[in-house]
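Structure first, then comments.
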Amino acid sequence: MSVVVNEVRRGLYLDSVALMRISRSLTAMDGVEEAGLMIGTPANKEILEAAGVLATLGETAAPGDLIVAVRARDGACADRALEEARRLLDARRQPASAGEASRYRPRSLRAALAQIPDARLALVSVPGDFAAAEARKALAAGLDVMIFSDNV
């Protein structure tokens, strides 16, 4: 009988392309029947539920949280898949090399413009509830804006 497990990462937002890549890697693992990583919006929870991978813990996720959902052949396979998901998610947050470790990564539009004053484009990829405000800031700074966020 299949086992469904979820893990919720509070306050972690990643773009859907990165999440799809990780989902694909998990689904390719031996014993994993289905895997999905999605932001905890109501629409995404419905998708996970329809796929048969939403558990009680996943239902508690808020729209700014990440749900890691796995259906596997057994508990050991599910645990291995969750561990791999953790590894892949954590690897995305680490510098790619020692040379990159000291590179400053701006966490706001103002800081990014200080680092790249001749920027012409802002890519807004934040939870949908915050996308309009961030886009307005970028427009006010004279940037063109592309929004890649949910429910906008």
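The values are calculated or read from the model by the stated rules, or taken from the named source; none is laboratory data. Since the model is a prediction, treat every value here as computed from it, not as a measurement. With ideal geometry, Cβ positions are generated from the backbone for all residues, glycine too; neighbour counts draw on all protein chains shown. The protein model used for the area step is the full one, side chains on, heavy atoms only, and it has no ligands, DNA or RNA in it. Shrake-Rupley method; radii C 1.70, N 1.55, O 1.52, S 1.80 Å.
A compact table of results
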| read-out | value |
| --- | --- |
| Members of region 51-60 found to be crowded, with 19+ Cβ neighbours inside 10 Å and in contact with an Asp or Glu (Cβ under 8 Å, 6 or more places away or on another chain), listed by number | Val53 |
| Hits in region 137-152 - residues which are touching a Ser or Thr at 6+ places or on another chain (Cβ under 7 Å) and either more than 15 Å from Val126 (Cβ to Cβ) or open to solvent by 90 Å² or more (accessible area, probe 1.4 Å) (or both) | Asn151 |
| Those residues of region 98-111 which are assigned to a loop (DSSP other than H, G, I, E, B) and either at pLDDT 90 or above or closer than 27 Å to Leu37 by Cα (or both), in sequence order | Arg105, Pro106, Arg107, Ser108 |
| Region 53-73: number of residues that are over 16 Å from the mean Cα position of the chain (by Cα) and part of a strand (DSSP E or B) | 2 |
| Residue match in region 8-16 (condition: part of a helix (DSSP H, G or I), out of contact with any Ser or Thr (no Cβ under 6 Å at 6 or more places or on another chain), open to solvent by less than 80 Å² (accessible area, probe 1.4 Å) and among the aliphatic types (A, V, I, L, M)) | no |
| Region 12-35, residues that are over 10 Å from the mean Cα position of the chain (by Cα) and touching a residue at least 12 places away in the same chain (Cβ under 8 Å) | Ser23, Ser25, Leu26, Met29, Asp30, Gly31, Val32, Glu33, Glu34, Ala35 |
| Some residue of region 79-97 being more than 22 Å from Ala18 (Cα to Cα) and either open to solvent by 60 Å² or more (accessible area, probe 1.4 Å) or at pLDDT 90 or above (or both) | no |
| Selection from region 17-27 of residues that are in contact with a strand residue (DSSP E or B) (Cβ under 7 Å, 6 or more places away or on another chain) and either open to solvent by less than 40 Å² (accessible area, probe 1.4 Å) or under 17 Å from Lys45 (Cβ atoms) (or both) | Leu19, Ile22, Ser23, Leu26 |
| Selected residue (criterion: farthest from Ile39 (Cα to Cα)) from residues of region 112-136 that are of a type in the set (D, E, K, R) and surrounded by 12 or more Cβ atoms within 10 Å (Cβ to Cβ) | Arg136 |
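Residue by residue, here is whether (1) modelled with pLDDT under 95; (2) closer than 12 Å to Arg10 by Cα; (3) surrounded by fewer than 22 Cβ atoms within 10 Å (Cβ to Cβ) holds:
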{"site": "Met29", "(1), (2), (3)": "no, no, yes"}
{"site": "Val32", "(1), (2), (3)": "no, no, yes"}
{"site": "Glu49", "(1), (2), (3)": "no, no, yes"}
{"site": "Ala62", "(1), (2), (3)": "yes, yes, yes"}
{"site": "Val68", "(1), (2), (3)": "no, yes, no"}
{"site": "Arg73", "(1), (2), (3)": "no, no, yes"}
